[in-house]
Amino acid sequence: MAKNKPRNRSRHTHYKVPEPGTSPGSYAIDENALKPIITLHKYNTKSYEKEELKNINNIDKLTANKDFFYWFDIKGLADPGIFETLFKELNISRLVLEDITSSYQRPKLDEYDADEYVFSVSRHLYINEEGDLINEQISFVLTTKCLITFQENYEDCFNPVRKRLEIGKGNIRIGGASYLMYAMMDAIVDNYFSLLNYWGEELDAIEDRLFDNPDRRIMYDTQGIKRSLITIRKVAWPERDKLNDIIRSDSNLISDLTKTYMKDAYDHCIQIIDFIESLKEIASANIDMNLSITSNRMNEIMKVLTIISSIFIPLTFIAGIYGMNFSREDPVTGKILKDNMPELYAEHGYFYTWLVMLLIAIVQIIYFWRRGWFK
């Protein structure tokens, strides 16, 4: 790691956006988008099946059995054929397809065509191996029996949900597609807690470093955490509003069971926002404390230098006076020169001058000590 490089950084992602004036619904796929990996999860209360797909053509046939629920897990957005299939076979609005490929969307909920489908966006945050905070968009398309998720990267953020689906315990198999969507959103929100706990421990460690051995890296590390907290705050606030919209939604695609559990995720989101504000205050306090400690150290240094200067100023004054060499007597003619130094050729003058200077320094040191300047 480079010297003075902050330990916690928010990596800025450059998104591909449509040209100004482009017709609404025109989606643009980033040239760096990953090749899609499509996994179909088929389940009901009694069974669970998983299948890798090359595409989602003929999606009606893939979901023909009404006794099952379906989850299409799509990682990577490089194939435009996927979006054309959604448009033609499921009548998904091109505005939704634009939002899926434009991966800078804020968390939100959109209901389309009465109870045909619901579109939602969440933001998945995680720290990669390089220590960068990655802000990834997760898109959801919910129909009666089917949930389609879209991820930009191959990061397996829904592994706990998939394991619950495989085991079949709890409500995940009986709650329908909307409950599965809740489980994923809840996993995303709970991951915010993990990040905040991590940054909280980092801030505690930084506070210990402030008292033990403050240095300028403390400022860089604290500022990096603060930027990350701002990033998660920008995500958590609209996520809270989105969860509230789901709870209040009249769509028949979202079951009452799902809405009940969404209230729990909503409460978690409020706790996260409070947690963020607390950590931001701690981060700001650490920065202020670091500046205060640095300022105090500078003041101590300046005080020592001031004491040294105060001691040597009168000594320098005396040395300067007797360094002028204005003799009392002309060494050639022997003439007495009025108003010149009578001490220049005095016996033991060098010793007496040192003695006077030493006494002045001792008196000053005693005075500064009694004033408490050496504490």
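Of the set (1) touching a Leu at 6+ places or on another chain (Cβ under 9 Å); (2) small (G, A, S); (3) over 22 Å from L180 (Cβ atoms); (4) in contact (Cβ under 8 Å) with a residue 60 or more places away in the chain, all apply to A78 but (4).
Within region 332-348, residues that are over 22 Å from A319 (Cβ atoms) and modelled with pLDDT of 75 or more have Cβ atoms under 6 Å from residues that are surrounded by 12 or more Cβ atoms within 10 Å (Cβ to Cβ) and among the acidic types (D, E) in these pairs: I336/E329, counting only partners at least 6 apart in sequence or on another chain. Can you find even one residue in region 251-274 that is free of Cβ contacts under 8 Å to residues at least 60 places away in the same chain, surrounded by 13 or more Cβ atoms within 10 Å (Cβ to Cβ) and either touching a Leu at 6+ places or on another chain (Cβ under 6 Å) or part of a loop (DSSP other than H, G, I, E, B) (or both)? Among the residues of region 251-274, at least one is free of Cβ contacts under 8 Å to residues at least 60 places away in the same chain, surrounded by 13 or more Cβ atoms within 10 Å (Cβ to Cβ) and either touching a Leu at 6+ places or on another chain (Cβ under 6 Å) or part of a loop (DSSP other than H, G, I, E, B) (or both), which makes the answer yes.
Within region 38-70, being closer than 17 Å to L147 by Cβ and among the charged types (D, E, K, R) holds for K42, E49, K50, E51, D60, K66, D67.
The number of residues in region 296-323 being over 21 Å from G349 (Cβ atoms) and not in a helix (DSSP H, G or I) comes to 0.
A quick yes/no check of all residues on (1) within 30 Å of I218 (Cα to Cα); (2) modelled with pLDDT under 90; (3) in contact with a Phe, Trp or Tyr (Cβ under 6 Å, 6 or more places away or on another chain):
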{"site": "K3", "(1), (2), (3)": "yes, yes, no"}
{"site": "K16", "(1), (2), (3)": "no, yes, no"}
{"site": "G21", "(1), (2), (3)": "no, yes, no"}
{"site": "G25", "(1), (2), (3)": "no, yes, no"}
{"site": "N32", "(1), (2), (3)": "no, yes, no"}
{"site": "K35", "(1), (2), (3)": "no, no, no"}
{"site": "H41", "(1), (2), (3)": "no, no, yes"}
{"site": "N58", "(1), (2), (3)": "no, yes, no"}
{"site": "A64", "(1), (2), (3)": "no, yes, no"}
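If you go through region 110-139 and pick out every residue that is within 25 Å of the chain's Cα centre (by Cα) and surrounded by 15 or more Cβ atoms within 10 Å (Cβ to Cβ), you end up with 16. Under the condition of being surrounded by fewer than 16 Cβ atoms within 10 Å (Cβ to Cβ) and either outside the structural domain of N32 (by TED's automatic domain parsing) or without any contact (Cβ under 8 Å) to a residue 60 or more places away in the chain (or both), the residues counted in region 88-109 number 3.
Which residue out of L279, L344 is in contact with a helix residue (DSSP H, G or I) (Cβ under 6 Å, 6 or more places away or on another chain) and surrounded by 12 or more Cβ atoms within 10 Å (Cβ to Cβ)?
L279
If the condition is being among the aliphatic types (A, V, I, L, M), within 14 Å of N252 (Cα to Cα) and modelled with pLDDT of 90 or more, then region 94-120 contributes only V118. For the criterion of being in contact (Cβ under 8 Å) with a residue 40 or more places away in the chain, in the same structural domain as W71 (by TED's automatic domain parsing) and crowded, with 20+ Cβ neighbours inside 10 Å, A183 fails. Residues of region 227-250 that are touching a residue at least 12 places away in the same chain (Cβ under 8 Å) and over 26 Å from I206 (Cβ atoms): P238, E239, R240, D241, K242, L243, N244, D245, I246, I247, S249. Within region 43-55, the set of residues being surrounded by 11 or more Cβ atoms within 10 Å (Cβ to Cβ) and within 37 Å of the chain's Cα centre (by Cα) comprises K50, L53, N55.
Surrounded by fewer than 21 Cβ atoms within 10 Å (Cβ to Cβ), under 30 Å from the mean Cα position of the chain (by Cα), charged (D, E, K, R) and in the same structural domain as S102 (by TED's automatic domain parsing): does that describe E166?
For E166, the condition - surrounded by fewer than 21 Cβ atoms within 10 Å (Cβ to Cβ), under 30 Å from the mean Cα position of the chain (by Cα), charged (D, E, K, R) and in the same structural domain as S102 (by TED's automatic domain parsing) - is not met.
Exactly one residue out of N325, N299 is over 20 Å from P214 (Cβ atoms) and free of Cβ contacts under 8 Å to residues at least 24 places away in the same chain, and it is N325.
Against the list (1) closer than 30 Å to Y182 by Cα; (2) not assigned by TED's automatic domain parsing to the domain that holds V189, the condition I254 fails is (2). Restricting the first member to region 197-226 and to residues that are without any contact (Cβ under 8 Å) to a residue 12 or more places away in the chain and in the same structural domain as N286 (by TED's automatic domain parsing), and the second to residues that are part of a helix (DSSP H, G or I) and surrounded by 15 or more Cβ atoms within 10 Å (Cβ to Cβ), the beta-carbon pairs closer than 6 Å and six or more apart or on different chains are R209/I218.
The values are calculated or read from the model by the stated rules, or taken from the named source; none is laboratory data. Because the structure is predicted, anything quoted here is derived from the model rather than measured. In this analysis, Cβ positions are derived from the backbone assuming ideal geometry, glycine residues included, and neighbour counts consider all displayed protein chains.
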